[in-house]
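Let me begin by presenting the structure, written as structure tokens, before commenting on it.
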Amino acid sequence: MPRVLIIIILLECCAFMSNGQEVQSSAFDLMLSTLLDDSVAQLSVNEVSEHLSDYYFLDARSEEEYNVSHLPSALWIGYEHFDDNRIESLEKTQPIIVYCSVGYRSEKIAKKLLSLGFSEVYNLYGGIFEWVNQSQPIVDSQETNTNKVHAYDLIWGIWLDRGEKVYGYE
């Protein structure tokens, strides 16, 4: 039995540990609870999808990942090459949701935004993977609906249950 499959089964068996957010997979939830430090307020896909127009979405993935697909109307701000000039037009009091693949990079960028004086910043719990896993819409670089999702790599791609996984850059 492949090692990754054993880990997933173990995580499913130990899924009683949860931070209270909503994701469809208890194994994914457990992984997130160990990966994230909860230093930024989090919102679930369910909480966000019902009030899309209330938030401004920022994508903290690489530009190549963003170009494969992103949440509709999201602004790319990056992670490794984050530049606060990309967000200078945003109001500091505007509600902002930052996301990445699963939430790790976006949590770090959300902390930076808070340190820059933004007052209402949230991390999307489970990131774009959970967004897609819950059948929410994504768009490509032309803002056209797509099913493709950059799955980061083969290890992280196991958490993406829906959509067409892309591992290279298109």
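The values are calculated or read from the model by the stated rules, or taken from the named source; none is laboratory data. Everything numeric in this text was worked out from a predicted model, so none of it was measured. All Cβ positions, glycine included, derive from the backbone under ideal geometry; neighbour counts span all protein chains shown. Just so you know, the surface numbers come from the protein's heavy atoms only, side chains and all, with ligands and any DNA or RNA stripped out. Shrake-Rupley method; radii C 1.70, N 1.55, O 1.52, S 1.80 Å.
Computed with every protein chain present, the accessible area of Asp54 is close to 80 Å² [probe 1.4 Å]. The listed residues Leu154, Leu36 rank as Leu154, Leu36 when sorted by accessible area, largest first, using a 1.4 Å probe. 3J(HN,Hα) couplings calculated from phi for the stretch 35-50 with the Karplus curve 6.51 cos²θ - 1.76 cosθ + 1.60 (θ = phi - 60°) are, in sequence order, 7, 8, 9, 6, 7, 10, 4, 10, 10, 7, 4, 4, 5, 7, 5, 7 Hz; Gly and Pro show x. Taking amide H positions as modeled 1.01 Å from N, with prolines and chain starts lacking one, the residues under 5 Å from Ile138 and 5 or more places away or on another chain are Thr146. Only beta bridges with both residues in the chain are counted; by DSSP, about 20 percent of them are antiparallel. Each Cα pair of the chain feeds into the Kirkwood radius, which the Stokes-Einstein equation turns, at 4 °C and 1.567 mPa s, into a diffusion coefficient of 80 µm²/s.
Summing +1 for each Lys or Arg and -1 for each Asp or Glu, what net charge is found among the other residues whose Cβ lies under 13 Å from the Cβ of Asp83? Combined, the nearby Lys, Arg, Asp and Glu give -2. Taking every DSSP bridge with both residues inside the stretch 44-142, close to 10 percent are antiparallel.
Given a 1.4 Å probe and every protein chain left where it sits, what share in percent of the accessible area of the chain is carbon and sulfur? Could the numbers behind the result be given before it?
On the way: 4380 of 8560 Å².
Of the solvent-accessible surface of the chain, carbon and sulfur hold 51 percent.
For Tyr56, the amide hydrogen comes within under 5 Å of the amide hydrogens of Ile96, Ile97, counting only partners 5 or more places away or on other chains and with H modelled in the peptide plane. Among the protein heavy atoms, those of Arg162 account for about 110 Å² of accessible surface (1.4 Å probe, every chain in place). In this simple spin-label approximation, Asn67 and Ser115 carry label points 7 Å from Cα along the Cα→Cβ vector, and these lie 2.9 nm apart. Computed over neighbours whose Cβ is under 11 Å from that of Asn123, the net charge equals 0, Lys and Arg +1, Asp and Glu -1. Relative to the dominant Cα principal axis of the chain, helix 3-13 is inclined by about 80°.
Our helix-only sum for the chain, with -39,500 (n - 2.57) per DSSP H run of n ≥ 4 divided by its residues, gives a mean residue ellipticity at 222 nm of -8500 deg cm²/dmol. Quick check: the angle from helix 104-115's long axis to the longest principal axis of the chain, C-alpha only, nearest 10 degrees? Tilt relative to the chain: about 30 degrees. The mean accessible area for residues of the chain, using a 1.4 Å probe and ignoring ligands and nucleic acids, is 50 Å² per residue. In order along the stretch 51-63, the Karplus-derived 3J(HN,Hα) couplings, from 6.51 cos²θ - 1.76 cosθ + 1.60 at θ = phi - 60°, round to 9, 3, 6, 7, 10, 9, 9, 10, 9, 9, 8, 5, 4 Hz, and Gly and Pro are given as x. For Lys165, a cut-off of 12 angstrom between C-alpha atoms picks up these aspartates and glutamates, skipping any fewer than 8 places away in its own chain: Glu65, Asp153.
Within a straight-line Cα-Cα reach of under 13 Å, Lys112 can be paired with the following aspartates and glutamates, leaving aside sequence neighbours fewer than 8 residues apart in one chain: Glu80, Asp83, Asp84, Glu120. Annotation: amide H-H contacts under 5 Å for Glu164 (H modelled 1.01 Å from N, sequence separation of 5 or more, or interchain): Lys148, Val149.
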